[in-house]
1. By how many nm would the segment from residue 302 to residue 143 lengthen if fully extended, with 0.36 nm per residue of separation less the alpha-carbon distance?
2. Where does the chain land on Rg(C-alpha)/(2.2 N^0.38 Å)?
3. Mind checking the angle between helix 158-183 and the chain's longest principal axis? C-alpha axes, 0 to 90 degrees, to the nearest 10.
4. Please arrange 132, 151 by counting, for each residue, the other beta carbons lying within 10 Å of its beta carbon, fewest first.
5. Expressed as a whole number of Å, what is the distance separating the alpha-carbon centroids of region 157-187 and region 243-322?
6. Helix 69-80 versus the longest principal axis of the chain: what is the Cα-based angle in degrees, 0 to 90, to the nearest 10?
7. Can you tell me, using C-alpha contacts under 8 Å and at least 6 residues apart, the relative contact order of region 62-169 as a whole percent?
8. Region 161-220: percent of C-alpha pairs farther apart than 20 Å?
């Protein structure tokens, strides 16, 4: 059986084959860039990340020292050729640091022929329950559609969009099956492996992923249950795109059974409900989800908290590790709300700060070990 995990890398054979066939690839920043629209144009959407970055010194030249290391690492990869297979980038204003990736790269590309590389930034409402939110987002998606069509010389029809919605919905359904396996009293898969799978889902053609993952799920369901873990943990916080980070925790005996991150559980959002118009259906679906604190702090913090508490119950979580990227503006303030609420709910909680470049693995291991021991003893 093909090893799906090998496709989780930023560069992998699936992308290389796609490029050999003369097809186009577009990097995306933030969950509010709908992959369905790019897929319908015959493009391969690849979610940008900084996994494995060991030196972000070039990124630091372009970005303030107050920028998070995730943004710097992503930008480093754009500068050093790691992402040289990209034919464009579509960004959304998920946070100010993600926006800096787009802004700086647009400036970096300023002297390059604009017909070669597509750059587009779309806005996503901060208040998704406001009466103007959906119409505004629809207008942004229609503008993106026209821009993609003009730049790549394609036509995005309603039928193509409807088909792309079906393909992406299948991916969500399959990943939901993965999370249901993790919910079991006898889980068969680690959090590290689960993250590699979700990373593969956003770094290769969806049809190919769906085919390979269906076979992978069949194999997973025949595995023997994992043994030796000491606590069932949930991981929440800033963008976590590095399986090695999870491995450090799991090597101490804390099995990550669920998460609330944009590289993890947000891949199993509810399917897009097609209701006669694809763009409107995508907009309504994307804006009805429980999203990151980018929106929740402004309008619906309680929905994020309720989702977390619900997962704690469903996945039989013994404790939560809240991991915040240093200088993260969004999750950095959200942790104040979460810490207060989760402690009030008597849920064991460990708050740790991290960098995209893994320089604090030893400290994380020590703190994770102590937290797991505390959970085992039943302390709060």
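1. Working: separation 159, 0.36 × 159 = 57.24 nm, distance 3.23 nm.
Net length gain for the segment: 54.0 nm.
2. Numbers: Rg = 20.1 Å, N = 380, 2.2 N^0.38 = 21.0 Å.
That ratio works out to 0.96.
3. The angle comes out at about 10 degrees.
4. Ranking 132, 151 by Cβ neighbours within 10 Å, fewest first, gives 132, 151.
5. One Cα centre to the other: 14 Å.
6. 40
7. Details: 73 pairs, mean separation 22.1, N = 108.
Value for region 62-169: 20 percent.
8. Numbers: 402 of 1770 pairs.
Cα-Cα pairs in region 161-220 separated by more than 20 Å: 23 percent.
The numbers here are math on the coordinates, done by the rules we state, and not lab data. Keep in mind the model is a prediction, meaning the values are calculated, not measured. All Cβ positions, even for glycine, are placed from backbone atoms using ideal geometry, and neighbour counts span all protein chains on display.
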